[in-house]
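K.L.:
Sharing a structure below in structure tokens format, with a few things to ask.
The values are calculated or read from the model by the stated rules, or taken from the named source; none is laboratory data. All values derive from a computational prediction rather than experimental measurement. We place every Cβ from the backbone using ideal geometry, glycine too, and count neighbours over all the protein chains shown.
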């Protein structure tokens, strides 16, 4: 069995075990979560040809709500929300709008105009925004190591944006939307840490889904194409993608993700999960036929290196904050 320790040497150790321990089960769950999560962007990219970003948001959050209620029960979650302080409820709605409405809609809209490969790389800008907002909003100190990691990620982003400096600046409209989505998610994470760190993650997840679903029904009557119309004209050829998006990219990913968090160190799950960008690119290449060019390799190497540096140094002030952030975030 492989063990990873990011705070002491040797960082990677092999430990013999004759039976499946909790850590072994956790590693299996983490691998399944990482692989299944790598399919999310590509499946969503396919579905943007038949469903609007608002409809994809609805489908995604319905699955999240089902997962939370299936795991924790309807009445306990509702009781917790009804007995919540008004100030907490206000911030929970704000965070829900950022993480459940603005972030997903910008991401799905961006996928319509860019490739799944690019979206996978640019979504890692969330790590950069998270560190910067922590310094601005939470007054946390940014170390020289953080600056080095941020510059490394930015260098990778620039290499991809300029296509290896061969064709000038080529940042597409969809790429900008994906980066804006990452900023929205980062704001949501920061305000969750600032005002809602005492709220249980599953409660905030359900509230996020509730706010997103409510927003959909408020906005949908004013849209030119209704959800029913989209479903009635949904191409049968895309049903496998819809099932993959719902069951593999969301449900299976979420279930195994929380199993991994329950059995492994949070830092391990966070570090390995950050490598999902590799699986995202590979799946987009085989499933969508999207090219992975030399500047993707170069820029991606910078982005992955910078992301690992941030994970190792920590983007959260304590293990408890990291755990709360990880549990609150369904990939």
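K.L.:
Test residue 98 against the criterion of being out of contact with any strand residue (DSSP E or B) (no Cβ under 8 Å at 6 or more places or on another chain), surrounded by 20 or more Cβ atoms within 10 Å (Cβ to Cβ) and in a loop (DSSP other than H, G, I, E, B), and give yes or no.
P.N.:
When the stated conditions are applied, residue 98 does not pass them.
K.L.:
Is it the case that segment 206-214 has a residue that's outside any helix (DSSP H, G or I) and either surrounded by fewer than 22 Cβ atoms within 10 Å (Cβ to Cβ) or touching a helix residue (DSSP H, G or I) at 6+ places or on another chain (Cβ under 7 Å) (or both)?
P.N.:
no
K.L.:
Find all pairs meeting these conditions: Cβ atoms under 8 angstrom apart; at least six residues apart or on different chains; first residue within segment 207-222 and at negative phi and touching a residue at least 60 places away in the same chain (Cβ under 8 Å); second residue surrounded by fewer than 18 Cβ atoms within 10 Å (Cβ to Cβ) and not in a helix (DSSP H, G or I).
P.N.:
220/226
K.L.:
Restricting to segment 162-199, and then to whatever is touching a helix residue (DSSP H, G or I) at 6+ places or on another chain (Cβ under 7 Å) and outside any helix (DSSP H, G or I), can you tell me which residue is surrounded by the fewest Cβ atoms within 10 Å (Cβ to Cβ)?
P.N.:
At the first step, the residues of segment 162-199 found to be touching a helix residue (DSSP H, G or I) at 6+ places or on another chain (Cβ under 7 Å) are 163-164, 169-175, 177-197, 199.
Remaining after also requiring outside any helix (DSSP H, G or I): 169-172, 196-197, 199.
Numbers: 169: 9, 170: 12, 171: 17, 172: 15, 196: 22, 197: 12, 199: 21.
Across segment 162-199, the extreme among qualifying residues is 169.
K.L.:
If we scan segment 37-46, do we find a residue that is in contact (Cβ under 8 Å) with a residue 40 or more places away in the chain, crowded, with 17+ Cβ neighbours inside 10 Å, out of contact with any strand residue (DSSP E or B) (no Cβ under 6 Å at 6 or more places or on another chain) and not in a helix (DSSP H, G or I)?
P.N.:
yes
K.L.:
Here is a follow-up. Within segment 227-235, does at least one residue satisfy the condition of being out of contact with any strand residue (DSSP E or B) (no Cβ under 6 Å at 6 or more places or on another chain), under 30 Å from residue 163 (Cα atoms) and surrounded by 17 or more Cβ atoms within 10 Å (Cβ to Cβ)?
P.N.:
To start, the set of residues in segment 227-235 that are out of contact with any strand residue (DSSP E or B) (no Cβ under 6 Å at 6 or more places or on another chain) comprises 227-235.
When the remaining residues are screened for being under 30 Å from residue 163 (Cα atoms), the result is none.
Within segment 227-235 (the criterion being out of contact with any strand residue (DSSP E or B) (no Cβ under 6 Å at 6 or more places or on another chain), under 30 Å from residue 163 (Cα atoms) and surrounded by 17 or more Cβ atoms within 10 Å (Cβ to Cβ)), the answer is no, since none of the residues qualifies.
K.L.:
Return the residue satisfying two criteria in turn: it lies in segment 132-161 and is part of a loop (DSSP other than H, G, I, E, B) and in contact (Cβ under 8 Å) with a residue 24 or more places away in the chain, and of such residues it is farthest from residue 107 (Cα to Cα).
P.N.:
143
K.L.:
If you check 243, 305, 223, which single one turns out to be surrounded by fewer than 17 Cβ atoms within 10 Å (Cβ to Cβ) and within 28 Å of residue 150 (Cβ to Cβ)?
P.N.:
305
K.L.:
Hey, another quick one. Regarding segment 225-236, can at least one residue be identified that is in contact (Cβ under 8 Å) with a residue 40 or more places away in the chain, touching a helix residue (DSSP H, G or I) at 6+ places or on another chain (Cβ under 8 Å) and not in a helix (DSSP H, G or I)?
P.N.:
Scanning segment 225-236 turns up at least one residue that is in contact (Cβ under 8 Å) with a residue 40 or more places away in the chain, touching a helix residue (DSSP H, G or I) at 6+ places or on another chain (Cβ under 8 Å) and not in a helix (DSSP H, G or I).
K.L.:
Among the residues in segment 112-130, are any assigned to a helix (DSSP H, G or I), at pLDDT below 90 and more than 17 Å from the chain's Cα centre (by Cα)?
P.N.:
Checked against the condition, which is being assigned to a helix (DSSP H, G or I), at pLDDT below 90 and more than 17 Å from the chain's Cα centre (by Cα), segment 112-130 yields no hits at all.
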